[in-house]
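Reviewing the structure listed below.
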Amino acid sequence: MDFDRFGRSVGRKLLFKDPVIGRQLLLCPLVGPRYFEFEFVRSCIPNVPESCLDISSPYLFSTYLASQNPSAKISIQNPDVRDAEFTSRIAKLLDLKNLHSTSDNVENLSSSAARYQCAWSISVFEHIDGDCDDSKAIRLVYESLRPGGTLAVTVPVDRVFRNEYRQSDAYGTQPKVGDGTYFYQRFYDLEALKNRLWDPIGVMPEKVEWFGENEAGIFARHEEQRLNDRIRFTVSYPEIMARHYSRFDAWQAMPGMGICGFLIRKP
């Protein structure tokens, strides 16, 4: 809830500088599972963060971290140009000089080897497809870490691995496929996590946590409600997360869809 309170406080600050952003943050600072994901990633970051890399995560997380740690230098790489510009605008409005957002692709990290103390990516790798897929992307992020550096990642999971396609390109990064739809995201099962995200790095996570729906089907119903009735539904997210979602001890214990968070440390 620290992030919820922070988002609403930023909304109040920006209400007159930028009424659209201000109202958005006052009404819905965090979307759904971010209540788990933000706290998980924060628990993985060093107490005194220095050089940090954010791969396209929701803007509020790095905004929070930059405001709480003025000495930290946070670089955001986000190929969604509109989202990168939006984050830059908020950083400027809040005078966060230690937060820098660009529309670079993750492939540009190849020239930044062993540079960062820590990196994180909140619900991003599941959206990466094409020439640079999720396996290649996570290797590049891992290689950008210094020895001893940490990488914190969250991705959606389900009982069976699957890909999701939608009628429009949500982030402006995907080509149209044969049936006229666009790749949107993948849901990992335990085998896919290992084969696509852990094995390509060659280092197993030292910390893994699970968070998801208490009853199979709730996540999908909530997503449909969010898309069809945005404001009236999303203002209820804190209550929804508390009532209908829980932490689980293992993937096998989850009844349906949810989130996996994992921490990998570079030797």
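Numbers for the structure displayed
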| item | result |
| --- | --- |
| The one condition in (1) open to solvent by 20 Å² or more (accessible area, probe 1.4 Å); (2) part of a helix (DSSP H, G or I) that residue 169 fails to fulfil | (2) |
| Pairs, first at negative phi in region 195-212, second buried (at least 17 other Cβ atoms within 10 Å of the Cβ) and among the acidic types (Asp, Glu), C-beta under 7 Å, six or more apart | 196/134; 197/134 |
| Filter result (surrounded by 22 or more Cβ atoms within 10 Å (Cβ to Cβ), of a type outside the set (D, E, K, R), within 12 Å of residue 4 (Cβ to Cβ) and touching a residue at least 60 places away in the same chain (Cβ under 8 Å)) within region 24-35 | 28, 30 |
| Subset of region 243-262 (residues that are open to solvent by less than 10 Å² (accessible area, probe 1.4 Å) and closer than 27 Å to residue 203 by Cβ) | 254, 258, 259, 260, 261, 262 |
| Lone qualifier among 88, 101 - being assigned to a helix (DSSP H, G or I) and either of a type in the set (Gly, Ala, Ser) or at pLDDT 95 or above (or both) | 88 |
| Residues being open to solvent by 20 Å² or more (accessible area, probe 1.4 Å), closer than 24 Å to residue 172 by Cα and free of Cβ contacts under 8 Å to residues at least 24 places away in the same chain - total across region 37-85 | 1 |
| The listed residue being in contact with a strand residue (DSSP E or B) (Cβ under 7 Å, 6 or more places away or on another chain) and basic (Lys, Arg), out of 17, 73, 97 | 73 |
| Output for region 172-183, where each listed residue is in contact with a Phe, Trp or Tyr (Cβ under 7 Å, 6 or more places away or on another chain) and in a loop (DSSP other than H, G, I, E, B) | 174, 177, 181 |
| Selection status of residue 225, at pLDDT below 90, out of contact with any Gly (no Cβ under 7 Å at 6 or more places or on another chain) and either in a strand (DSSP E or B) or open to solvent by 30 Å² or more (accessible area, probe 1.4 Å) (or both) | yes |
| Hey, residue 188 crowded, with 16+ Cβ neighbours inside 10 Å and more than 19 Å from the chain's Cα centre (by Cα) or not | no |
| Residues of region 53-85 classified as in a strand (DSSP E or B) and of a type in the set (Lys, Arg), total | 1 |
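The values are calculated or read from the model by the stated rules, or taken from the named source; none is laboratory data. Bear in mind that the values here come from a model prediction, so they are computed numbers and not experimental data. Don't worry about glycine lacking a Cβ; one is built from the backbone with ideal geometry, like all the others, and counts go over all protein chains shown. When the accessible area is computed, the model is the full protein with side chains, heavy atoms only, and any ligands, DNA or RNA have been set aside. Shrake-Rupley method; radii C 1.70, N 1.55, O 1.52, S 1.80 Å.
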